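The values are calculated or read from the model by the stated rules, or taken from the named source; none is laboratory data. Quick caveat, the model's predicted, so the values are computed rather than measured. Reconstructed Cβ throughout: ideal geometry from the backbone, glycine too, with neighbour counts over all protein chains shown.
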Amino acid sequence: MAKGRVLVTGASGYIAGYVVKALLADGWAVSGTIRSLARADAVRASLGVSAADLPLSAADLTHDAGWAEAVAGCDFVQHIASPLPSGTARTDDDLIVPARDGALRVVAVAQAAGVRRVVMTSSVAAMYYGMTGASRTYSEADWSDLSSPATNAYAKSKTIAERAARDWVAAHGGMMEYCTINPALVLGPVLGSDFSGSLAVVTRMLNGELPGLPRIGFGICDVRDIAAAHVAAMTLPGMAGERFLCSGEYLWLADVAAILKSRLADAAKRVPTMRLPDFLVRLSALFDAEVRLVMPELGRERIGDARHARDRLGWNPRPAAETIVDTARSLIAAGLVKR
Ligand code: NAP
């Protein structure tokens, strides 16, 4: 018999797929939401699960329809759905409104249905933005500064959604608990050809789409370790109000390129080796909107202190090199890299 039922929102997503698999492996019954049931078979196929393993219902973060039905009978909710930055977002509100209103919808229906705990996927984007100084170590005490021009639309959406859901649960949650997992850049093997934008950095390097290596870096975490953190935050006692920064090693793009070159030989032939000096990147930002977007990250080392996740969740992320190599190998196997 299953341990209980868990609703995973946005079951079509990259991280959600791994959370579904981790929950099923841990003996939970799992239901999911997706935006359109037309994708139900494809979502199940990419996860290798049956309709009985993963009942799916339709719900959109921007509408009430479907949420109450989806959560009925569930003991826990993993709220993972949220819009990622994409070419289709025209204004900040295109990201903020679905993230915030969707999170509020989910905690409200969960509370009404008697759910015991909601684990929400927030992000280091709700912690790292708008601070001064080139480099800094961040922790759960940090919140991105919404008044800073350096806080981009995605960071605003994650900050506002996390705060709104926390405040709502504090005021109206009753016995229901709420906590967040705040991952850094999530990489790892792809489950199908539809995967998170976070993998673009490795895909673009392998496909030779980066002219060189600007001084930009990320805290890296593995999607399999992030799924494990979600399961631990759902099952361990005493998680009410908790917030877990989950980041592995910080790597510069030059470090990622060096790992790919040394471990993948010919498959990494298009990965650039030339480091781009900051002045050149600043110059090209004058002409290139995509480069302008990453300018606030230039030379800025954001170290995420994951001690709290290690201590409370027993989180033990694998080495970043292993994650990068597994990401690249899976992209190649899925035919997503030019030969
Ligand atoms: P993803 O694969 O793009 O997943 C995003 C999910 O959200 C998809 O299932 C998407 O549905 C769903 N979604 C977006 N807008 C929606 C809407 N209006 N209504 C209903 N569902 C909607 O990206 P991911 O990387 O797995 O991200 C999952 C979560 O992790 C997000 O909350 C993200 O902010 C957070 N996160 C990601 C990273 C990272 O590096 N990947 C790091 C930190 C935090 P469709 O499939 O229909 O588009």
Next item on the list: Can you tell me which residue among Ser139, Ser157, Ser193, Ser148 is within 14 Å of the ligand (Cβ to nearest atom), within 30 Å of Glu301 (Cβ to Cβ) and either modelled with pLDDT of 95 or more or not aromatic (Phe, Trp, Tyr) (or both)?
Entry: Ser157
Next item on the list: Mind listing whichever residues of segment 69-95 are farther than 18 Å from Tyr178 by Cα, in contact (Cβ under 8 Å) with a residue 40 or more places away in the chain and not in a loop (DSSP other than H, G, I, E, B)?
Entry: Ala70, Asp92, Asp94, Leu95
Margin query: From the list Ala306, Ala334, Ala268, exactly one residue is more than 17 Å from Leu185 (Cα to Cα) and out of contact with any helix residue (DSSP H, G or I) (no Cβ under 8 Å at 6 or more places or on another chain). Which is it?
Written below: Ala334
Notebook entry, point to check: Restricting attention to segment 115-128, does a residue exist that is in a loop (DSSP other than H, G, I, E, B), of a type in the set (Lys, Arg) and in contact (Cβ under 8 Å) with a residue 24 or more places away in the chain?
Noted result: yes
Next item on the list: With respect to Leu187, determine if the residue is near the ligand (Cβ under 10 Å from one of its atoms), at pLDDT below 95 and not small (Gly, Ala, Ser).
Entry: no
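Which members of segment 138-160 meet the condition of being touching a Leu at 6+ places or on another chain (Cβ under 8 Å) and within 22 Å of Asp92 (Cα to Cα)?
Residues satisfying the conditions are Asn152, Ala153, Tyr154, Lys156, Ser157, Thr159, Ile160.
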Note to self: For the structure I just gave you, tell me whether Asp53 is over 15 Å from Leu7 (Cβ atoms) and either over 19 Å from the mean Cα position of the chain (by Cα) or part of a helix (DSSP H, G or I) (or both).
What the structure shows: no
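Matching residues to (1) surrounded by 16 or more Cβ atoms within 10 Å (Cβ to Cβ); (2) over 23 Å from the mean Cα position of the chain (by Cα); (3) among the β-branched types (Val, Ile, Thr):
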{"position": "Leu276", "(1), (2), (3)": "yes, yes, no"}
{"position": "Phe279", "(1), (2), (3)": "no, yes, no"}
{"position": "Arg282", "(1), (2), (3)": "no, yes, no"}
{"position": "Ala289", "(1), (2), (3)": "no, yes, no"}
{"position": "Gly304", "(1), (2), (3)": "yes, no, no"}
{"position": "Ala309", "(1), (2), (3)": "yes, no, no"}
{"position": "Ala320", "(1), (2), (3)": "yes, no, no"}
{"position": "Thr327", "(1), (2), (3)": "yes, no, yes"}
{"position": "Lys338", "(1), (2), (3)": "no, yes, no"}
Notebook entry, point to check: In segment 260-319, how many are part of a helix (DSSP H, G or I) and on the phi < 0 side of the Ramachandran plot?
Noted result: 32
Item checked: Checking Leu251 against (1) assigned to a helix (DSSP H, G or I); (2) of a type in the set (A, V, I, L, M, F, W, C); (3) surrounded by 17 or more Cβ atoms within 10 Å (Cβ to Cβ), the condition it does not meet -> (1)
Margin query: Going through Ala232, Ala228, Ala200 one at a time, which residue ends up being under 24 Å from Glu249 (Cβ atoms) and within 13 Å of the ligand (Cβ to nearest atom)?
Written below: Ala200
Checklist line | Given (1) crowded, with 20+ Cβ neighbours inside 10 Å; (2) touching a Lys or Arg at 6+ places or on another chain (Cβ under 6 Å); (3) not basic (Lys, Arg), index of the condition Ala134 fails | finding: (1)
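Of the residues in segment 29-57, how many are over 25 Å from Ile181 (Cβ atoms) and in contact with a helix residue (DSSP H, G or I) (Cβ under 9 Å, 6 or more places away or on another chain)?
2
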Item checked: Condition broken by His63, with the remaining ones in (1) buried (at least 19 other Cβ atoms within 10 Å of the Cβ); (2) within 10 Å of the ligand (Cβ to nearest atom); (3) of a type outside the set (Lys, Arg); (4) without any contact (Cβ under 8 Å) to a residue 24 or more places away in the chain satisfied -> (1)
Note to self: One residue is enough: does segment 229-238 have a residue meeting the conditions crowded, with 24+ Cβ neighbours inside 10 Å, at pLDDT 95 or above and touching a Cys at 6+ places or on another chain (Cβ under 8 Å)?
What the structure shows: yes
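Residue-by-condition table, conditions (1) under 15 Å from the mean Cα position of the chain (by Cα); (2) modelled with pLDDT under 95; (3) over 22 Å from Ser247 (Cα atoms); (4) within 15 Å of the ligand (Cβ to nearest atom):
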{"residue": "Asn152", "(1), (2), (3), (4)": "no, yes, no, yes"}
{"residue": "Ala161", "(1), (2), (3), (4)": "yes, no, no, yes"}
{"residue": "Val169", "(1), (2), (3), (4)": "no, no, yes, no"}
{"residue": "His172", "(1), (2), (3), (4)": "no, no, yes, no"}
{"residue": "Thr180", "(1), (2), (3), (4)": "yes, no, no, yes"}
Checklist line | Extreme residue, nearest to the ligand (Cβ to nearest atom), among residues of segment 1-48 that are in a loop (DSSP other than H, G, I, E, B), surrounded by 19 or more Cβ atoms within 10 Å (Cβ to Cβ) and among the polar types (S, T, N, Q) | finding: Ser12
